[in-house]
Amino acid sequence: MTSPMQKMTRHSLFHRMLKVTLGDALTRMRCNGQSVTEKIKGEHQWKARSLVTFGIVAVFLSGCSRGVENDLADYQQRLSRLLDEPKVAVELPPNPRMPRTQEVQTPIPEISISLLDSMRLDRCRVGQLVAERNSSLGRVQSTQSRVLYEIQMIAALQECLASPAADEERIAELLTSALAHKVDTLPLWFDRFLTSESVIRERMRVSRSTLNLENTQQGSASVAALTYFADVFTGLSTDPLGYQVDPEHWNEHMRHLGQNNFLSDFWRTQQVVHGYLIELNNMLNDAGDKVSCQGQSVPQQAHYLQNVMHSLWIAELQTKLARLQGYEQQISAQLRRLQQFVRHEPWQNYIEELIGTESHGEYIREHSREHAQQYQGFLAQCGFDITN
């Protein structure tokens with residue numbers, strides 16, 4: 001008879017043998033000419049190489065997406081060394097405060113259609129649009145979707161009035177009244193779109209990132225989207241019954257604005273450039289004296305500063321600031337067109353602060369001219385040829 005101790009010994013021995021057997025089996029198993037152990041080791045090596053490759057690509061891409069504040073910081077560092085000026089943290093000027101949605105939203109009167117009348121309108125597109133609006137998704141549609149719905153309803157009401165569905169006098173009167181209401185309230189929906197749509201508000205709000213001013217594709221697409229909505233609102237204001245809006249084009253531009261941070265980053269870039277130019281002008285003030293241009297000979301520090309002026313300020317930063325100002329002109333032109341459809345003074349004032357005479361863009365132009373004049377003074381004092 002087997003004792004409990006013997007059973008435990010046999011049980012432990014069995015498990016040890018099982019582990020050895022499974023270990024030998026795994027070692028002997030081949031997969032595409034490799035043992036499992038070799039295969040696992042190879043997979044770990046492949047993953048390690050992949051992580052290294054991913055890291056290299058990430059570093060490369062981060063270098064490609066270098067924001068303009070990096071160029072300004074490098075330039076500030078060079079001036080600090082040459083002019084023996086402390087490199088202080090740049091204080092960014094304040095941005096305008098975006099009005100809250102409650103400050104810029106006015107109730108828009110609605111028109112209701114009875115269930116019986118809506119059933120009679122099923123023979124034309126109006127019935128389909130009404131059904132979509134009354135669906136669970138329709139009740140929670142975004143502001144931009146609602147504005148597109150209002151635009152589509154104007155076209156659908158006209159189609160229905162020209163169809164057999166309008167042969168009944170009551171239906172014809174209903175459609176005519178609804179059409180007049182939609183045309184009258186359309187400007188209110190333009191205002192709602194520009195002041196309350198979440199995507200528009202997000203793009204008009206300053207982000208935390210600056211632009212890579214060497215990448216122009218996103219800028220062109222964003223300006224195109226602003227131009228599109230300015231064209232649509234202008235066309236509908238001029239001819240609300242005849243101007244046609246393609247929903248695909250509308251959705252395409254809305255999707256682009258929703259996915260592209262260019263405009264938000266543009267406002268941030270202007271703020272950063274404005275702040276840096278204030279500090280850079282303070283550093284460059286009396287540059288001739290700071291590099292000791294007071295006699296007949298030209299100090300070596302002056303030659304260094306001239307090189308920095310050509311290689312960093314003229315060749316690099318002036319080119320990028322010119323591109324930034326080019327974007328500003330295009331964006332401002334379209335926002336001016338859209339501004340005429342805004343009815344609320346707080347939002348009008350907000351746009352004015354972004355693109356008006358007290359905007360970051362205006363101060364950038366002013367401080368850039370001052371920076372160039374300071375360099376001219378330095379060149380004249382140190383005896384350099386200003387024309388070169």
Just for the stretch 318-331: of the residues that are in contact (Cβ under 8 Å) with a residue 60 or more places away in the chain and open to solvent by 60 Å² or more (accessible area, probe 1.4 Å), which one is nearest to Leu211 (Cα to Cα)? Arg323
Selected residue [in contact with a Lys or Arg (Cβ under 7 Å, 6 or more places away or on another chain) and assigned by the TED database to the domain that holds Arg81] from Leu312, Leu305, Leu354, Leu321: Leu312
Does Ala380 qualify as being of a type in the set (A, V, I, L, M), more than 17 Å from Arg78 (Cβ to Cβ), part of a helix (DSSP H, G or I) and modelled with pLDDT under 95? yes
Only one of (1) modelled with pLDDT of 90 or more; (2) more than 26 Å from the chain's Cα centre (by Cα); (3) basic (Lys, Arg) fails for Arg170. Which number is that? (1)
Could you tell me whether the stretch 343-357 includes any residue that is open to solvent by less than 70 Å² (accessible area, probe 1.4 Å) and at positive phi? no
Can you go through Gly235, Gly275 and tell me which one is farther than 15 Å from Leu335 by Cβ, open to solvent by less than 40 Å² (accessible area, probe 1.4 Å) and without any contact (Cβ under 8 Å) to a residue 40 or more places away in the chain? Gly235
Scanning the stretch 293-317 for residues that are of a type outside the set (A, V, I, L, M, F, W, C) and surrounded by 14 or more Cβ atoms within 10 Å (Cβ to Cβ), the one nearest to Ser220 (Cα to Cα) turns out to be Glu316
Residues in the stretch 66-86 that are more than 19 Å from His371 (Cβ to Cβ) and crowded, with 18+ Cβ neighbours inside 10 Å total 0
Whichever residue in the stretch 87-114 is open to solvent by 90 Å² or more (accessible area, probe 1.4 Å) and not small (Gly, Ala, Ser) and, among such residues, is modelled with the lowest pLDDT: Glu110
List the helices (runs of 4 or more DSSP H) that sit entirely inside the stretch 115-225 and contain at least 3 residues that are open to solvent by 50 Å² or more (accessible area, probe 1.4 Å). 115-120, 125-134, 143-161, 169-196
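The values are calculated or read from the model by the stated rules, or taken from the named source; none is laboratory data. Being a predicted model, the structure only gives us computed values, none of them experimental. Cβ coordinates were reconstructed from backbone atoms using ideal geometry, including for glycine residues, and neighbour counts include every protein chain displayed. SASA here: full protein model, heavy atoms, side chains in, ligands and nucleic acids out. Shrake-Rupley method; radii C 1.70, N 1.55, O 1.52, S 1.80 Å.
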